[in-house]
Amino acid sequence: MDIPYTVEARPDTGLYNAKVGIWLFLASEVMLFGGLFSAYILLRVGAEPGTWPHGWQNIVLGTVNTVVLALSAITTLMAWVACKVREFGKFKFFHACTLLLALTFLCIKAVEYSEHLNHYEIILTDGRIADGDMVSNDPAQDHVVIKGRVLEAKDENKLYDLRAQKDIPESEITIQRSQIAQMDNYGPWHNTYLALYFTLTGLHALHICGGSIVIGYLWGPGRKLWKKDPERFTNRVEVSGLFWHFVDLVWIFLFPVLYLT
């Protein structure tokens, strides 16, 4: 039995079925990310003055990822245009570019996550705070080595704004384990800001993975439909492109909120 309105527009909506479905799905996605952005705003506004982090993200990597996603939006659009004009070879090229750009984005994001997870805040028994990248943390040794700075307890607020640490030089610091009162890396458990950062960017990365799977399917096994029904295949490419543009749009909001403020 043929499914109606896979190519032709429905008389009640003026859209074919898949396009109606993706717009409804994207509406639910807007509510999902809208709730998380609202949580970010409320928690930031409610934070004690001077305790909300600034400058914790790698702006260079974030900017590169923004450019990468912007390029992927263009290649996705070009893949759909190639289908509309019946140039399947160009479709394969542009969709392959989209997949490579998506992989690039995820690799850069993995580097950012690695930087956070390798960065430690160490509270010493005398009240001072050591903050920096872990160089050596061999459990067999009686010390750890970080590359960073040591702050007095009274300067704790400087941890929240890395711009305030520019005048404090970095160096390799050896700390005896007997001097460590508490040691914690900058994972999502470290504080509210990082919990929101990992939740928002992690969920976004999952959407990148999901979109890549769909695009990869259309580029690979799913392209068999092109020979049978090119118009329906083109509609599938358009629907996947709408999802991808939504993912790009979410990042356009994430980048200034998490990296530039």
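A few points about this structure:
- Taken over the range 130-167, the criterion of being among the β-branched types (Val, Ile, Thr) and crowded, with 17+ Cβ neighbours inside 10 Å is satisfied by 144, 146, 150.
- Here residue 209 fulfils each of the conditions (1) assigned to a helix (DSSP H, G or I); (2) farther than 30 Å from residue 7 by Cβ; (3) out of contact with any Phe, Trp or Tyr (no Cβ under 9 Å at 6 or more places or on another chain); (4) in contact (Cβ under 8 Å) with a residue 60 or more places away in the chain apart from (2).
- The range 6-22 - residue that is touching a Ser or Thr at 6+ places or on another chain (Cβ under 9 Å) and either outside any loop (DSSP other than H, G, I, E, B) or free of Cβ contacts under 8 Å to residues at least 60 places away in the same chain (or both) and, of those, farthest from residue 245 (Cα to Cα): 17
- Taken together, 249, 242 contain a single residue that is assigned to a helix (DSSP H, G or I), under 22 Å from residue 61 (Cα atoms) and not hydroxyl-bearing (Ser, Thr, Tyr), which is 249.
- Subset of the range 168-194 (residues that are surrounded by 15 or more Cβ atoms within 10 Å (Cβ to Cβ) and in a loop (DSSP other than H, G, I, E, B)): 186, 188, 190, 191
- Filter result (of a type in the set (Gly, Ala, Ser) and more than 23 Å from the chain's Cα centre (by Cα)) within the range 227-245: none
- Condition met for residue 49 (at pLDDT below 95 and either assigned to a strand (DSSP E or B) or not assigned by TED's automatic domain parsing to the domain that holds residue 239 (or both)): no
- Close pairs from the range 136-162: first within 14 Å of residue 183 (Cβ to Cβ), partner assigned to a loop (DSSP other than H, G, I, E, B) and at pLDDT below 90, Cβ under 8 Å, at least 6 apart: 148/170
- Residues being under 19 Å from residue 207 (Cα atoms) and of a type in the set (Asp, Glu) - total across the range 228-261: 2
- For the range 71-78, the criterion of being loosely packed, with under 14 Cβ neighbours inside 10 Å, more than 14 Å from residue 235 (Cβ to Cβ) and touching a residue at least 12 places away in the same chain (Cβ under 8 Å) is met by none of the residues.
- Exactly one residue out of 115, 87 is acidic (Asp, Glu), surrounded by fewer than 18 Cβ atoms within 10 Å (Cβ to Cβ) and more than 30 Å from residue 261 (Cβ to Cβ): that is 87.
- Residue match in the range 67-76 (condition: small (Gly, Ala, Ser) and within 18 Å of residue 198 (Cα to Cα)): no
The values are calculated or read from the model by the stated rules, or taken from the named source; none is laboratory data. Not measured: the values here are computed from a predicted model. Cβ atoms come from the backbone with ideal geometry, glycine included; neighbour counts cover every protein chain shown.
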